[in-house]
1. Which of the lysines could be linked to residue 183 by a straight reach, that is with a Cα gap under 16 Å, when you skip same-chain ones fewer than 8 residues away?
2. Hey, how much of the P(r) for the stretch 1-54 falls beyond 13 Å, as a percent of Cα pairs?
3. Test of understanding: express the Cα radius of gyration of the stretch 126-258 as a ratio to 2.2 N^0.38 Å, with N the residue count.
4. Pick from 170, 92, 346 the residue whose mean-square fluctuation is largest in a GNM of the chain, springs joining Cα atoms under 10 Å.
5. With bins 5 Å wide starting at 0, give me the P(r) of the stretch 210-350 over every alpha carbon pair, in whole percents.
6. Over the chain, what lengths in whole Å, largest first, do the semi-axes of the equivalent ellipsoid take, defined as the square roots of 5 times the eigenvalues of the alpha-carbon gyration tensor?
7. Once the Cα atoms of helix 228-242 and of the chain are each reduced to a long axis, what angle between those two axes, in degrees from 0 to 90 to the nearest 10, is obtained?
8. With only alpha-carbon pairs counted, each pair once and no self-pairs, how large is the Kirkwood hydrodynamic radius of the stretch 21-164 in angstroms?
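The values are calculated or read from the model by the stated rules, or taken from the named source; none is laboratory data. Worth saying up front: this structure is predicted, and the values here are computed from it rather than measured. With ideal geometry, Cβ positions are generated from the backbone for all residues, glycine too; neighbour counts draw on all protein chains shown. Keep in mind that these areas ignore ligands, DNA and RNA; they rest on the heavy atoms of the full protein, side chains included. Shrake-Rupley method; radii C 1.70, N 1.55, O 1.52, S 1.80 Å.
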Amino acid sequence: MHSYLVGGAVRDHLLGRPVVDRDHVVVGARPEELLALGYRPVGKDFPVFLHPQTGEEYALARTERKTGRGYHGFAFHAEPEVTLEEDLARRDLTINAIAQDEAGALVDPYGGVRDLEARMLRHVSPAFVEDPVRLLRVARFAARFAPLGFRVAPETMALMQQMVADGEVDHLVPERVWAETRKALSEAQPSAFLRVLRESGALAVLFPEIDALYGVPQRAEFHPEIDTGTHMELVLDAAAVIAPGDDLVGYCALGHDLGKALTPVDALPRHIGHEHAGVPRVRALSARLKVPGEHAALAELVCREHLNAHRALELKPATVMKLLTALDALRRPARLDTFLAACWADKRGRLGHAEDDYPPADYLRRACAAATAVQAAPFIADGLKGPAVGAAMEAARVKAIANVKLASI
């Protein structure tokens, strides 16, 4: 029995990145042997065990055979005669198919080290096309490693395009699409996720609302990049800078301008009312991907209200209060922070504006603090009851916001 460190731990160590998870492959063993050594079983589809001391995952070397469409259409074979090379052959990318033995020597049968040096995302074998999730994973790895100069190998992109043409992507379940998308939105350069999916043809299948933004022009004085799809990419990357690793902010950024794809051609490049037109599309996207409730709710709010955030200093205090109420910001101030991060990303997501400050954020935070400071007790002490208390508090909060606005001018 021999064990090897595999996958991301080896890859990230070679790249000089922090190693988060350490996964191992065990060759030449049966499940009962690991159980006898105190390993705890956790795998459902194939034998995976947790080390009795470290808690790290140890999986028996296995091969897999395609038996049907989609992600679940596989049969696995895990026996002592399965070699390390056979196990590595079933992996998606060469950079994830490098192993390290217990003495520290690398086992690299598919050129993963070479591709790390060349900054290339390349499939291990033609079996890549059998699992549609791999297409999403390549796009996600592109989002992670694009800052290091990684790109998708032409032959791998050709296979991904074939997968789309063959309808494999149509069999992806929403949960897997969202899981990979959520991770991609947490990466350093989420725009690469969109670009890879678009080049493969998968964006139009999985995210038609986003694919429709490409080629839609905007007013150059506000959007020097002009193309709305390009703007979306810039906004996602700005969100990754403003709120690193925050997929909630990333998802809000992803949905903020979906209404621009619906603008009549004779109205272009203006997009009057796009913030309201986009709400049904955000709802449809959230429902289809089965995103968490808070993601769906805040993405809708960002879509509908982001222009009000941009012009917050021009709004009447009563309108600012309505915005804060819509966000439930007085009770849940973290929501306001997420909302403002996504709106700031929208402002920064334009050519030449990547370093812009966002004055409305400071004003809206101070307005929220002033409104929150208004409490019911003084009005009740004055003898007000029932709805009269709420009305008095609303008026006092609007007045408090007006005072903040005066101090901001």
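1. 290
2. For the stretch 1-54, the share of Cα pairs beyond 13 Å comes to 65 percent.
3. Here the Cα radius of gyration is 1.02 times the empirical estimate.
4. Highest fluctuation among the options: 170.
5. 2, 11, 20, 24, 22, 14, 7, 1, 0
6. Listed largest to smallest, the semi-axes of the chain are 48, 26, 19 Å.
7. Between helix and principal axis, roughly 90 degrees.
8. The Cα-based Kirkwood calculation yields 16.4 Å.
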